[in-house]
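One structure below.
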Amino acid sequence: MTRLSVNLNKIAVLRNSRGGDRPDIVQATHTVIAAGAQGITLHPRPDMRHVRPADVRAVAAAIGGRVEYNLEGNPFAPARGEYPGFLALVDEVRPDQATLVPDSDSQITSDHGFDLDWDIERLTGPVAALKRSGARVSVFVDAGGASGFDQARAIGIDRIEIYTGPYAQAHADGDALKALEQCAVTAQAALAAGLEINAGHDLNQLNLGPFLHALPTVAEVSIGHALIDDALYAGLDATVRAYLDVIGKAFSR
């Protein structure tokens with residue numbers, strides 16, 4: 001069954017808007033784990049707009065090996081101020097998984113994946129460094145692509161994470177069939193190359209079930225923005241349990 005990794009970036013956004021240390025990202029970590037989530041995701045950026053390196057370290061200590069720890073980031077982001085660079089941060093905290101995302105300061109949020117046909121050569125060095133740190137390596141990719149996966153596997157990439165933003169928008173518009181088919185094409189090609197499948201971006205309680213019903217081979221979904229939005233009204237513990245229930249029902253049909 002697909003595992004749920006909860007992205008806690010928005011907890012840090014809310015905290016940073018006021019200053020101080022509330023809401024507490026460590027307390028949120030403990031709450032999410034107690035509710036049954038199988039993972040915690042953080043996406044530190046060099047501009048430190050949300051989670052900071054100190055958060056990455058504190059959450060690693062709070063997890064204490066109880067669930068999977070997934071760090072997302074741009075492997076080409078250099079050190080800047082307190083931010084030591086993504087590769088250095090992974091080497092320091094040793095997460096279970098490192099998810100590579102081609103984001104930049106100009107992006108409000110991640111909005112596209114790597115083109116493995118084009119980017120594979122420059123990813124080779126960072127992937128090797130991450131593997132030496134002991135992390136499973138996942139790479140963010142766009143749905144619809146079906147090439148470059150053999151090369152990805154050859155350089156040590158273990159998983160892809162399908163960018164589900166277009167699917168989520170199509171679902172909201174009432175016609176998700178084509179978007180689901182694109183996701184399925186990518187998943188099938190990656191699986192054929194020996195890669196596992198993650199997925200994330202804009203997944204929520206309405207679109208998650210249909211997505212997993214169509215793509216039951218997804219190993220993990222990473223959900224943050226929608227989950228924290230729901231938690232504002234229902235509470236964090238109850239919301240995590242609700243998402244886990246959606247996942248469970250998708251596999252019981």
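Our summary gives the chain a relative contact order of 20 percent, counting only alpha carbon pairs under 8 angstrom and 6 or more residues apart. Among Asn198, Asn207, Asn70, the largest mean-square fluctuation in a Gaussian network model of the chain, built with springs joining Cα atoms closer than 10 Å, belongs to Asn207. Only beta bridges with both residues in segment 3-250 are counted; by DSSP, about 5 percent of them are antiparallel. Build a GNM of the chain with springs between Cα atoms under 10 Å apart, and of Ser222, Ser133, Ser17 the one that fluctuates most is Ser17. Phi-derived couplings, Karplus 6.51 cos²θ - 1.76 cosθ + 1.60 at θ = phi - 60°, listed residue by residue for segment 45-52: 10, x, 7, 6, 5, 9, 5, 10 Hz, with x used for Gly and Pro.
Can you compute log10 of I(q)/I(0) for segment 1-84 with the Debye formula, treating each Cα as one identical point scatterer, at q = 0.10, 0.13 Å⁻¹? Cα-only, vacuum Debye calculation for segment 1-84: -0.23, -0.40. Selection among Thr239, Gly165, Gln182 by position relative to the dipole of the chain gives Thr239 as farthest towards the positive end (Cβ unit charges, Cα centre).
If you take the beta carbon distance between Arg66 and Arg153 as r and set R0 to 22 Å, what does 1/(1 + (r/R0)^6) give as a FRET efficiency, to the nearest 0.05?
Details: r = 30 Å, r/R0 = 1.35.
Computed FRET efficiency for Arg66 and Arg153 comes out at 0.15.
I need the shape label for the chain. Rule: rounded when a/c is under 1.5, else prolate if a/b > b/c, else oblate, with a, b, c from the alpha carbon gyration tensor. Can you show the working numbers first?
On the way: a/c = 1.58, a/b = 1.06, b/c = 1.50.
In terms of gyration-tensor shape, oblate.
Using Cβ point charges alone (K and R +1, D and E -1), the dipole size of the chain about the Cα centre works out to roughly 680 debye. A full extension of the chain between Asp229 and Arg57 corresponds to an added length of 59.4 nm, given 0.36 nm per residue minus the alpha carbon distance. Entry note, the chain: the mean residue ellipticity at 222 nm calculated from DSSP H runs of n ≥ 4, each adding -39500 (n - 2.57), is -14000 deg cm²/dmol after division by the residues and rounding to the nearest 500.
Each residue, Ala34 and Leu177, gets one label point 7 Å from its Cα in the Cβ direction; the gap between the two is 4.6 nm.
No value in this document is a laboratory result; all are computed from the given coordinates. Keep in mind that this is a model prediction, so the values were computed, not measured. We place every Cβ from the backbone using ideal geometry, glycine too, and count neighbours over all the protein chains shown.
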